[in-house]
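Reviewing the structure listed below.
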Protein chains: 2
Amino acid sequence: MASDLDKFFDSADELSSSFKERLGKAIHIKSVSSEADKKDELTKMAKFLADELNALGAQAEPKPLPNNLPPVIIAHYPKSPDQTKPTILIYGHYDVQPVTGQTWHYEPFELTQAGTGDDERYYGRGTTDDKGPVVAWVNVIEAHQNAGVDVPVNLRFCFEGMEESGSTGLAEYLASEDGRKVFEHVDASCISDNYWLGTKKPCLTYGLRGINYFKITISGPPTQLHSGLFGGIVYEPLTDLVILLSKLVDSQGNILVPGIQEDIEPLTEEEEKTYDTIDFTMQDFNNSIGPNTDYGIYNDPKRTLMARRRYPSLSIHGFDGSANGPETVTSIPPWVTGKFSIRTVPSMTTGQVSELVTNYLKGVFEQLNSKNHLDIKMTDSGEWWRTDPEVKNFKAAELATQKVWDNVTPDLTREGGSIPVALDIQKGLGSDKSLMLLPIGTSSDGAHGPDENMKVKNYQNGVKVLGAYLHYFAEKSIEG
Amino acid sequence: MASDLDKFFDSADELSSSFKERLGKAIHIKSVSSEADKKDELTKMAKFLADELNALGAQAEPKPLPNNLPPVIIAHYPKSPDQTKPTILIYGHYDVQPVTGQTWHYEPFELTQAGTGDDERYYGRGTTDDKGPVVAWVNVIEAHQNAGVDVPVNLRFCFEGMEESGSTGLAEYLASEDGRKVFEHVDASCISDNYWLGTKKPCLTYGLRGINYFKITISGPPTQLHSGLFGGIVYEPLTDLVILLSKLVDSQGNILVPGIQEDIEPLTEEEEKTYDTIDFTMQDFNNSIGPNTDYGIYNDPKRTLMARRRYPSLSIHGFDGSANGPETVTSIPPWVTGKFSIRTVPSMTTGQVSELVTNYLKGVFEQLNSKNHLDIKMTDSGEWWRTDPEVKNFKAAELATQKVWDNVTPDLTREGGSIPVALDIQKGLGSDKSLMLLPIGTSSDGAHGPDENMKVKNYQNGVKVLGAYLHYFAEKSIEG
């Protein structure tokens, strides 16, 4: 195997121009799933991906979804699975975040290579989230063929086009008769759609926080009122709303909803020890926010990591209905909505969180003795996910990482973010098959933000890690 | 005089079609001062007004203002003042509020006549605020000429085009060499730019609340952050902001900024008595908000009126920087601005209010122990205004109102709203000359809102009241 891997690595180095060109073509397609006028770009992107895979001998098919949603691409490589090889299910997404309202230093939809040395990066929307990793899987096949090395597993791909818009339609597809076939004969699954904890050390991810998204609306007068004529004599919805929101979380990030804390798994001594070896400093943390910044609540990296991955958080995101924007407006809005979300951890449940938040806010509102009306809606939710990292799937990725990244043992991490699709994949796999998140980009890639990028070295090494992972997984001698 | 007035009234009745046509032409011009693409419409509206006045023998001139602001129209009627007559300065504005974000049942920029009997109304943006009253002054001249009755005073007009956008440029103009001439030889001044307290009884207004507008900004991380990756571990600006805003005012409208209450003039027994005779019920109040509504804080009309006119109020209006709108966005905004205003009353001052609010919020913010930054700006301000209603200016308007509105004695009112220009006019006049607000529309006209309107009867009788006021003012036998 060692010789196969070396050939594959050399081949990947040789093909760096081809890899860059493929990523460039992908970045050039403006497949923003949240913008209605980008439907054609999503179709174009799906076709591009399927064509690339088919050109390499895969059998890739865009599966149409209802309601004119972008298709899910299901692909098999090789076309006919080799029954003697294990099968790995790969998930990724070909849609990207919008760029509106952001100031970029580079063209968002053109691949730009800039910087030098370790900081040489490919800039462009989707370079790290998630076109870079998706294209890297295609590169893995190309590099094998170029090297004359057999891909040691059957690959099953599931690439969706709605991840940045709540993965609408995917769960339904995966639960359908056709969709369930995606999981047939699958031995393990891998998603490369997150990031290293910092910028230097690779990691493997075995957990995610869940998310419960709330929109609470206070409504009152049937129409907008003049604050000169009515200020001080009517119950103002926005006054009530800020009071309610101020009772949810304090400046130090402590959630004030009673009962939420009770559902958090207690920290064991054993778990606490796992934080000792993780390569993460407050310097890393500050750098991930911006140069010379200092906005961390905890000055301790261990406590910071714990808060990110094993404790819940509550963030307020914005408003609707009020006079928003820079203008000086003096009216009293007749209704206002406040938007906030709670990231959840084991063993919280959506049902419990919803009930606790609803009852608590209703109680606070009642005490206000306001004549306005309160409406609480949980508009989106995804449960937390956690799997056992002591299995072959993770072991193979660990060996691959060590091989490519100078013998560094990747940190085992849980993520603060939520990837609801991970739940759907795990559900399709069943609890006895392992799902792993294997990031190739770093925390400084600016996913979702302006100047999204991936380090050139991470893109190249990412192809190698993903390929090597398949080889180690196919090794019969390796146990989890 | 009685016979002159009767002729003028008959003439006004005869000319109702002409009055409607003139108002229709004014409504048709989209002179929205807050929208940058409406510059031409403001110029058009200024020209229309000047042309109408000049056609009636006035000398009207659009005075250009710096920075491409809409002109101020200064007009004299007659062209050469008659030294034997008193001179009245009339202020009004020809710009209107925007209609964006509102659902109208009528075309906003077409005059529509709808309803029957007492509820027959002219609908359209500006019908009551303030094109209706402005055009009514023009109608007054026309009706006199048509009746062959001499206008018994010299009229001086000052019509601006930026009132709905903070009257930018007007105060500077009125303080300039040319602007100061507006006040030369003026005996009294009248502004028709507010509304009756309810829908049935006319009023004369001798006071206004002031306004101090604040924008407070909390800024932190240099860029938008992912709430999954950073929620619970960074100081979030929006968390701090809602806490600050929640400490400004309670649900019942009580301002929580210490010291604000101390600057309010105590209520005297004498003042309290004046509320006894005012025609205002909670039914009137509820109707002014909408049919079958009940959002009043005080169930007592007297206390409601007091809160509107002699006590301050604080309203929160909206936000900037956060993820505003209906979308489900999960980011942590790097900075957020909260907008609120305080309506002020005697003897509060802008300087004191600004200091109290700033010191209080800084203190509250310090206690949060947040690493974010607080910036407090008072972006707009206008002091309260109050004048002596026991003078000839008010007496003349009272007699005019009684004559036109079946002998009803108008209520003497103070307004909850703020018309900063009243301060500038009063300043130009000097404290020895009387300024009066003489509204012709009612509280149900929907100023600033959708379906803005003026009752047909109020428009017609408004012309008569404004004209009769000039006659009573010119009567030497009438004393204040």
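Here, P(r) means the percent of Cα pairs in each 10 Å bin from 0 to the largest distance; for the range B:285-330 it is 20, 32, 22, 22, 4. Assuming charge only on the beta carbon of Lys and Arg (+1) and of Asp and Glu (-1), the dipole of the protein assembly as shown about its Cα centre is about 200 debye to the nearest 20. Amide H neighbours of residue A:317 under 5 Å, at least 5 residues apart or on other chains, H built in the peptide plane: list them. Result for residue A:317 returns A:339, A:340, A:341. Chains A and B together bury roughly 6400 Å² of accessible area, counting both sides, with a 1.4 Å probe on protein heavy atoms only.
Computed from the C-alpha gyration tensor, the three semi-axes of the ellipsoid equivalent to the range A:404-446 are 24, 15, 8 Å, from longest to shortest. Of the residues B:137, B:87, B:102, the one whose Cα sits farthest toward the positive end of the charge dipole of the range B:44-143, with +1 on the Cβ of Lys and Arg and -1 on the Cβ of Asp and Glu, is B:87. By DSSP, the beta bridges lying fully in the range A:47-196 are antiparallel in about 55 percent of cases.
Taking a ≥ b ≥ c as the square roots of the eigenvalues of the Cα gyration tensor of the range A:423-480, is the shape rounded (a/c under 1.5), prolate (a/b larger than b/c) or oblate? In terms of gyration-tensor shape, oblate.
Size descriptor for chain A, Kirkwood hydrodynamic radius: 24.0 Å (Cα pairs only, one decimal).
For a 28 Å ceiling on Cα separation, which of these pairs sit above it: B:131/B:427; B:47/B:79; A:38/B:39; A:215/B:30?
A:38/B:39; A:215/B:30
With each label modelled as a point 7 angstrom along the Cα→C-beta vector, the residue A:388-residue B:116 pair spans 8.1 nm. For residue B:7, the label point sits 7 Å beyond Cα toward Cβ; its separations from the matching points on the remaining copies run 11.5 nm, from shortest to longest. Couplings 3J(HN,Hα) for the range A:422-435, derived from phi with the Karplus relation 6.51 cos²θ - 1.76 cosθ + 1.60 (θ = phi - 60°), are 4, 5, 5, 5, 4, 4, x, 5, x, 6, 8, 10, 8, 10 Hz, where x marks Gly and Pro.
Between B:282, B:358, B:389, whose Cα lies farthest towards the positive end of the dipole of the range B:259-404 when Lys and Arg beta carbons carry +1 and Asp and Glu beta carbons carry -1, centred on the Cα centre? Toward the positive end, the furthest listed residue is B:358.
The 3J(HN,Hα) values that the Karplus relation (6.51, -1.76, 1.60; θ = phi - 60°) gives for the range A:86-94 are, in residue order, x, 10, 10, 9, 10, 10, x, 9, 9 Hz. Gly and Pro appear as x.
What the phi angles of the range A:141-156 give under the Karplus curve with 6.51, -1.76 and 1.60, with θ = phi - 60°, is a coupling list of 5, 4, 5, 5, 4, 4, 8, x, 10, 6, 5, x, 9, 7, 9, 10 Hz, glycine and proline written as x.
Could you give the angle, 0 to 90 degrees to the nearest 10, between helix A:237-246's Cα long axis and the longest principal axis of the Cα atoms of chain A? In chain A, helix A:237-246 runs at an angle near 50 degrees to the longest axis.
Ellipsoid fit via the Cα gyration tensor, the range B:39-196: semi-axes of 27, 22, 13 Å, each the root of five times an eigenvalue, largest first.
This model, with +1 at the C-beta of Lys and Arg and -1 at the C-beta of Asp and Glu, gives the range A:380-480 a dipole about its Cα centre of some 380 debye. Dipole magnitude for the range A:41-155: about 400 debye, using +1 per Lys or Arg Cβ and -1 per Asp or Glu Cβ, origin at the Cα centre. As a length-normalised measure over Cα pairs under 8 Å and 6 or more apart, the relative contact order of the range A:23-173 settles at 33 percent. Taking every DSSP bridge with both residues inside chain A, close to 70 percent are antiparallel. Mind pulling the angle between the C-alpha long axis of helix B:16-28 and the longest principal axis of chain B? Nearest 10 degrees, somewhere in 0 to 90. It works out to around 30 degrees. Among the residues of B:330-340, the average count of other protein chain beta-carbon atoms within 10 Å of the residue beta-carbon is 5.
Computed over every Cα-Cα pair of the protein assembly as shown and binned at 10 Å starting from 0, the pair-distance distribution P(r) comes out as 2, 11, 18, 18, 14, 12, 10, 8, 5, 2, 1, 0 percent.
Once you average over the residues of B:307-315, how many Cβ atoms of partner chains fall within 10 Å of each Cβ?
Mean shielding by partner chains, rounded to a whole number: 5.
Pairwise Cα distances in the range B:314-458 exceed 21 Å for 65 percent of all pairs.
For the range A:24-87, pairs of C-alpha atoms spaced more than 13 angstrom apart make up 66 percent of the total.
Report summary: the helix-based calculation at 222 nm, which adds -39500 (n - 2.57) for every DSSP H run with n ≥ 4 and divides by the residues of chain B, gives -10500 deg cm²/dmol. With its label point defined 7 Å out from Cα along the Cα-to-Cβ axis, residue B:119 lies at 7.1 nm from the matching points of the other copies, in increasing order.
Using every pair of distinct Cα positions in the range B:105-226, the Kirkwood expression returns a hydrodynamic radius of 19.1 angstrom.
Against the main long axis of the alpha-carbon atoms of chain A, helix A:392-404 sits at an angle near 70°. Taking every residue in B:216-222 and counting other chain Cβ atoms within 10 Å of its Cβ, the average works out to 2. A simple packing score, the average count of other Cβ atoms within 10 Å per residue, orders the peptides A:187-196, A:146-155 as A:187-196, A:146-155, with the highest score first.
Where both residues lie in the range A:88-163, what percent of DSSP beta bridges are antiparallel, nearest 5? Taking every DSSP beta bridge with both residues in the range A:88-163, the antiparallel ones total about 35 percent.
With coordinates expressed along the principal axes, the C-alpha atoms belonging to the range B:208-333 extend over 63, 37, 22 Å, beginning with the largest. Sorted shortest first, the separations between the residue A:273 label point and its copies elsewhere in the assembly read 8.7 nm; each point sits 7 Å from Cα along the Cα-to-Cβ line. Between the range A:209-285 and the range B:304-342, the alpha-carbon centres lie 18 Å apart.
Averaging Cα coordinates gives a centre for the range A:405-434 and one for the range A:9-83; these two points are 23 Å apart.
The values are calculated or read from the model by the stated rules, or taken from the named source; none is laboratory data. Since this is a predicted model, take the numbers as computed values, not measurements. Cβ atoms come from the backbone with ideal geometry, glycine included; neighbour counts cover every protein chain shown. When the accessible area is computed, the model is the full protein with side chains, heavy atoms only, and any ligands, DNA or RNA have been set aside. Shrake-Rupley method; radii C 1.70, N 1.55, O 1.52, S 1.80 Å.
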